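Below: the structure, in structure tokens.
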Ligand code: GDP
Ligand code: MG
């Protein structure tokens with residue numbers, strides 16, 4: 001039994017208790033009284049009917065229980081794709097990201113390499129792309145396990161000299177499990193030992209037959225060393241993104257996921273977060289994992305101060321009470337009293353979990369928010 005009563009739920013949905021009881025009886029064949037606890041399956045059903053989605057992170061000790069508006073009557077607009085590079089170690093993920101960043105970001109706007117913040121955005125004539133620079137598929141998988149699906153497209157990087165290696169297959173399996181489209185970057189084509197045909201054959205053997213060989217997979221030859229093929233790869237990413245018709249609601253409290261976070265000597269806790277819906281503004285009260293605070297300052301990936309962050313935009317924020325974990329959800333709470341209540345409850349929950357590690361899975365209605 002979870003401690004959500006009919007009364008609580010009705011209150012959260014701003015509806016009369018009697019209407020909720022009627023709904024439960026007519027639609028879910030459930031006879032309930034005002035103080036009755038509802039299972040989260042029932043709560044999810046009710047929320048769904050009222051245009052919300054109940055998201056329960058899979059990590060058992062995760063307290064953030066989030067309600068996402070399903071989007072009825074919301075202002076949904078296009079957003080740029082979020083891309084993660086995956087692949088075998090040393091096949092060139094970091095080099096490709098660096099090359100893209102150097103040529104598409106730093107040179108055009110800054111003339112210098114900017115600091116690593118875990119994610120960055122590239123502006124191209126045809127659109128923007130957000131790249132997540134997560135350290136390997138462990139991070140990707142850890143995030144997914146916590147319900148934080150932050151990636152729209154996976155670029156599977158395979159060195160054309162080495163060909164497919166064990167971690168290539170692993171990365172591919174993770175991407176498949178996440179159900180995201182995969183584009184193959186056949187890297188290191190500048191090397192004399194590169195053998196693109198052999199690689200295409202290998203790709204075919206694992207179910208990634210390239211388009212030019214009669215398959216369905218987009219496979220682009222690239223070199224992170226010379227820059228060859230990079231523009232083509234970016235084109236393909238944008239093309240794939242267009243087909244996905246990615247959208248997000250802009251007119252609601254911001255929420256998203258923590259990409260990475262650290263303690264900075266001068267600035268206190270600093271978190272790189274990715275806004276997934278809504279617009280995050282300076283001064284917003286944010287709950288991120290077990291931490292909270294008012295957004296003191298926001299910076300884009302070029303370390304320029306910004307006042308608001310749109311969906312798909314990675315930003316660095318300061319002002320949190322502590323360092324959240326990568327993969328933590330964050331969300332804005334407008335009502336300060338409610339926010340403090342949630343934070344206190346989360347802290348209490350954390351303390352309790354430390355005392356009794358088996359006591360978990362309590363759905364806290366206080367964490368439901370609009
Ligand atoms: P990661 O482990 O996948 O991030 O791989 P890195 O980006 O660290 O690259 C591993 C090594 O391969 C480094 O020494 C890079 O300089 C080298 N490398 C990466 N891409 C290329 C490429 O396109 N051509 C050549 N010749 N070397 C590359
Ligand atoms: Mg690397």
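Taking the condition of being more than 19 Å from residue 92 (Cα to Cα) and either out of contact with any strand residue (DSSP E or B) (no Cβ under 7 Å at 6 or more places or on another chain) or surrounded by 20 or more Cβ atoms within 10 Å (Cβ to Cβ) (or both), how many residues in segment 198-214 meet it? Spell out how you get there, then give the answer.
Applying the first criterion (more than 19 Å from residue 92 (Cα to Cα)) to segment 198-214 yields 201, 204-214.
Within this subset, residues satisfying the condition of being either out of contact with any strand residue (DSSP E or B) (no Cβ under 7 Å at 6 or more places or on another chain) or surrounded by 20 or more Cβ atoms within 10 Å (Cβ to Cβ) (or both) are 201, 204-208, 210, 212-214.
Result for segment 198-214: 10.
From the list 294, 337, 303, pick out the single residue that is closer than 18 Å to residue 268 by Cα and out of contact with any strand residue (DSSP E or B) (no Cβ under 6 Å at 6 or more places or on another chain). Steps first, please.
Values: 294 fails: out of contact with any strand residue (DSSP E or B) (no Cβ under 6 Å at 6 or more places or on another chain); 337 fails: closer than 18 Å to residue 268 by Cα.
Residue meeting the stated conditions: 303.
Sort out which residues of segment 134-166 are part of a helix (DSSP H, G or I) and either modelled with pLDDT of 90 or more or under 21 Å from residue 225 (Cβ atoms) (or both), and write them in order of number.
Narrowing segment 134-166 to residues part of a helix (DSSP H, G or I): 137-145, 166.
Residue satisfying the conditions is 166 alone.
Can you give me the number of residues within segment 185-214 that are more than 16 Å from ligand 2 (Cβ to nearest atom) and outside any loop (DSSP other than H, G, I, E, B)? Steps first, answer last, please.
Let us first name the residues in segment 185-214 that are more than 16 Å from ligand 2 (Cβ to nearest atom), namely 186, 189-214.
If we keep only those that are outside any loop (DSSP other than H, G, I, E, B) as well, we get 186, 196-205, 210-213.
The qualifying residues number 15.
Restricting attention to helices (runs of 4 or more DSSP H) lying wholly within segment 1-74, give those where 1 or more residues are modelled with pLDDT of 80 or more and on the phi > 0 side of the Ramachandran plot. Before the answer, list the steps.
On the way: elements: 6-12, 17-28, 40-49.
Ranges flagged: none.
Tally up the residues in segment 215-247 that are in contact with a helix residue (DSSP H, G or I) (Cβ under 9 Å, 6 or more places away or on another chain) and more than 16 Å from ligand 1 (Cβ to nearest atom), please.
3
The values are calculated or read from the model by the stated rules, or taken from the named source; none is laboratory data. The shown structure was predicted, so the numbers you read here are calculated from the model rather than taken from an experiment. Reconstructed Cβ throughout: ideal geometry from the backbone, glycine too, with neighbour counts over all protein chains shown.
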